[in-house]
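Some notes on the structure that comes next.
The values are calculated or read from the model by the stated rules, or taken from the named source; none is laboratory data. Quick caveat, the model's predicted, so the values are computed rather than measured. Here the Cβ is made from the backbone with ideal geometry for all residues, glycine too, and neighbour counts use every protein chain on show. For accessibility, only protein heavy atoms count, side chains too; no ligands or nucleic acids. Shrake-Rupley method; radii C 1.70, N 1.55, O 1.52, S 1.80 Å.
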Amino acid sequence: MEKTIANLESILDNIAAVCARIGRNPEEIEIIAASKYQKLDTLKSLYADGRIKIFGENRVQEMMEKYDPSLTWDFIGQLQTNKVKYIVGKTRLIHSVDRLPLAEEINARAARAGIVQDALIEINSGNEENKGGVEVDACRALYESIRALPNIRIKGLMAVAPKVSESVSLRACFMPVKRLFDEMREEFPDFQILSMGMSDDYLLAVECGSNLVRLGRVLFN
Ligand SMILES: *Cc1c(COP(=O)(O)O)cnc(C)c1O
């Protein structure tokens, strides 16, 4: 745990430095721990430190095994429609809604549970094949359809950066998502969360306007 706390302190310092340079308030940026492969005891100790309040799991099976209602959980991975029933109501935020049938299933399960489930629309920012997420240009249409569903509330956007390659600039992936987020936020007051940035790119993501970073390796290794 000492190592994780030391890692967290450097992460906070790094974020503060970027924010100072670009004139952002570091308190706007929420850090969630991407907690795959980590034991529940580790997560509870980290929670006890008080600075990490949300844990993000990316596999339904693993989340079910670890689930503890005294912690707050986000679901950040690709989600199969037939597994929605296991996580609705147990997650603060589902980050990865990228198709209408998935949103409809979340809506149906949330209605049955008598709740409104918060979620984000996942954008495929690198336009990669075989990857989750809707294209930037298709996001609005998807949002308009989801908005008609009463038991799911879209609170913003999420993007996973493509694997770094020389030919692709990450900034060129993040900025269109940020522009779309800003446009939609003007119209829709529910739009508050821009989830972008992982261990290798969180500082660039903060520079590009992210207000939620999902950190695994840089925190736990
Ligand atoms: C694992 C994971 C992360 C964190 O990845 P790191 O590179 O370890 O920081 C963030 N988002 C998603 C969707 C993940 O699956």
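A compact table of results
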item: Residues (within 16 Å of the ligand (Cβ to nearest atom) and either assigned to a strand (DSSP E or B) or buried (at least 16 other Cβ atoms within 10 Å of the Cβ) (or both)) located in segment 60-77; result: VAL60, MET63, LYS66, TRP73, ASP74, PHE75, ILE76, GLY77
item: Some residue of segment 179-198 being within 14 Å of the ligand (Cβ to nearest atom), within 18 Å of THR4 (Cα to Cα) and surrounded by fewer than 15 Cβ atoms within 10 Å (Cβ to Cβ); result: no
item: Scope segment 3-38; condition open to solvent by less than 30 Å² (accessible area, probe 1.4 Å) and hydroxyl-bearing (Ser, Thr, Tyr); matching residues; result: THR4, SER35
item: Residue identified as among the small types (Gly, Ala, Ser), open to solvent by 10 Å² or more (accessible area, probe 1.4 Å) and out of contact with any Cys (no Cβ under 6 Å at 6 or more places or on another chain) among GLY133, GLY126, GLY156; result: GLY133
item: Flag for ILE94 being of a type in the set (A, V, I, L, M), surrounded by 22 or more Cβ atoms within 10 Å (Cβ to Cβ), on the phi < 0 side of the Ramachandran plot and not in a helix (DSSP H, G or I); result: yes
item: Qualifying positions in segment 211-221 - within 12 Å of the ligand (Cβ to nearest atom) and within 13 Å of ALA159 (Cβ to Cβ); result: LEU212, VAL213, ARG214
item: Residue in segment 78-91 that is of a type in the set (Ser, Thr, Tyr), more than 14 Å from the ligand (Cβ to nearest atom) and over 24 Å from LEU120 (Cα atoms) present; result: no
